[in-house]
1. Please determine, by comparing only the residues of region 180-214 that are touching a Pro at 6+ places or on another chain (Cβ under 6 Å) and at pLDDT 95 or above, which one is farthest from Arg313 (Cα to Cα).
2. Going by the structure shown, is Pro239 at pLDDT 95 or above and open to solvent by 10 Å² or more (accessible area, probe 1.4 Å)?
3. Going through Arg201, Arg287 one at a time, which residue ends up being basic (Lys, Arg) and either part of a loop (DSSP other than H, G, I, E, B) or more than 19 Å from the chain's Cα centre (by Cα) (or both)?
4. Does Val317 satisfy the criteria of being more than 24 Å from the chain's Cα centre (by Cα) and free of Cβ contacts under 8 Å to residues at least 60 places away in the same chain?
5. Kindly list the number of the only condition in (1) over 17 Å from Leu356 (Cα atoms); (2) touching a residue at least 12 places away in the same chain (Cβ under 8 Å) that fails for Leu187.
6. In region 230-264, what residues are under 17 Å from Asp309 (Cα atoms), touching a residue at least 60 places away in the same chain (Cβ under 8 Å) and not in a helix (DSSP H, G or I)?
7. Scanning for something open to solvent by less than 70 Å² (accessible area, probe 1.4 Å) and assigned to a helix (DSSP H, G or I), does region 388-406 turn up at least one residue?
8. Just checking, which of Ala277, Ala330, Ala308 is more than 23 Å from Glu224 (Cα to Cα), open to solvent by less than 30 Å² (accessible area, probe 1.4 Å) and not hydroxyl-bearing (Ser, Thr, Tyr)?
Amino acid sequence: MDALTTALIELGVPAAALGSGALYARAKLPRTYWATVGLPLTVHRIRRDYENVMEACGLTVEPSFWRAMASSATNRPARPAMPKIRSITASSTGLRIRLRLARGQETADMLNATERLRHAWGVHAVYASEVKPGVVDLRVVGFDVLRNVRMPRRATAKSAGLLRVPVAVRADGTVHYRDFRQVPNGLNLGANQSGKSMYTRNLVHGLAAQPVALVGIDCKRGVEQRPFAPRLSALATDPGEALGLLLALLVEMDDRYDLIRAHQGVPGSVAAEDVTADIWGLPAKVRPVPIVVLVDEIAELFLAAGKADEERRNQIVIALIRLAQLARAAGIFLDISGQRFGSELGKGATLLRSQLTGRTVHRVNDLETARMGLGDISETAMLAATRISPDMPGVAVAGDTSGRWSEIRTPYRSLSEVADRCANFRHLVPTLPRLAAFRPQVASAAAAVSVPPMPSAPPIFAPVPASE
């Protein structure tokens with residue numbers, strides 16, 4: 001960094017201009033600043049002060065007996081042992097430092113020191129994760145990647161794999177995937193204008209190009225999911241249609257279990273390696289297509305205004321619980337969105353929520369709502385969800401019941417962009433006779449209804465500037 005500055009000054013570039021340009025780039029073009037200034041400066045600072053920083057942050061241990069003996073024999077003071085740098089890998093958002101821990105150290109020591117390391121190295125954030133026993137990765141983030149979020153180019157649906165979709169960027173600069181094979185059912189909570197719909201758009205955008213069936217339940221008359229109609233195998237836009245669709249999904253689930261049972265056959269008639277208890281072990285030629293069910297507002301399915309609605313509500317809740325409990329092996333997955341999802345919705349709400357392993361909580365209005373989604377994951381995650389700023393829509397806390405969680409933000413995608421992608425991949429809509437009655441009708445452009453123009457409002461999400 002000093003050599004670069006000296007060279008520019010020798011070429012006649014004033015030092016004041018260099019300083020002003022660096023400050024402007026740091027504020028407006030953080031990726032450019034990191035690549036040109038922040039990265040080399042941080043690497044230099046880490047290598048120069050590494051030993052002093054480790055000692056100041058309490059990441060040293062007493063030297064081993066043999067090292068102490070060798071130091072005594074040479075009349076030199078024994079230096080404390082500390083983690084050794086095995087590699088430093090640069091990225092567009094930060095650094096990854098792989099460390100070999102000293103004897104007696106554990107990953108928790110690095111986790112407890114990340115905040116001190118952040119200040120010592122002058123970076124935005126430092127995260128620690130265990131690679132294997134004795135080896136830890138420190139992920140250094142050079143700037144706030146959630147401010148103007150951009151999905152890395154490598155994060156494509158093709159590279160992600162079947163039912164594994166890149167939907168957001170984590171605070172440490174890595175990609176956050178929604179993996180239905182690993183976490184079959186998910187819950188997406190958040191207040192109005194918090195980013196729930198943008199999360200769903202990114203999910204549909206990734207799934208549209210995959211050989212899966214998409215099923216939508218949107219009781220707001222379909223305003224959120226109707227634009228995806230060319231790619232949807234079924235769509236319900238009111239509680240009555242939702243009940244019929246859920247019952248059809250239960251029949252489809254039973255058909256798939258009959259298929260699995262038929263393929264198992266009598267013991268001895270099927271090769272041991274071909275015996276399976278889910279659709280993934282079936283031969284490709286008979287394996288049914290996986291189904292992803294997207295529920296836009298769960299409260300609309302739980303609310304009841306009278307006795308007739310109460311009976312329908314109970315049937316809907318039972319159907320959802322059965323799907324959440326049993327449908328994973330049949331290749332049917334749920335992703336449910338809502339503003340709140342607690343016991344106040346009525347009987348069955350808590351039981352259904354317990355089956356939704358993956359949790360994504362956007363900005364919420366009260367601590368109780370955060371507790372509904374993250375209370376059984378981590379108290380820290382729950383508090384983080386209540387501190388999301390209203391001017392950062394799309395920021396959320398994502399975790400699962402293993403206790404792991406991270407702060408994420410979905411990139412901006414316009415509704416027209418996702419709708420066009422669904423239209424482009426309409427040929428991937430599978431044939432599902434059980435759901436044929438709920439297949440949405442796609443109107444042609446000529447039959448579109450003209451409506452008078454209305455005053456436009458600025459979007460809640462702002463697209464990332466082209467320069468960034």
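The values are calculated or read from the model by the stated rules, or taken from the named source; none is laboratory data. Owing to the predicted nature of the structure, the values given are computational and were not obtained by experimental measurement. As a convention, Cβ positions derive from the backbone with ideal geometry for all residues, glycine included, and neighbour counts pool all protein chains shown. Accessible surface is based on the protein model in full, side chains and every heavy atom, while ligands, DNA and RNA are left aside. Shrake-Rupley method; radii C 1.70, N 1.55, O 1.52, S 1.80 Å.
1. Val212
2. Taking the combined requirement at face value, the residue does not satisfy it.
3. Arg287
4. yes
5. (1)
6. Passing the criteria: only Ala236.
7. no
8. Checking each option against the conditions leaves just Ala330.
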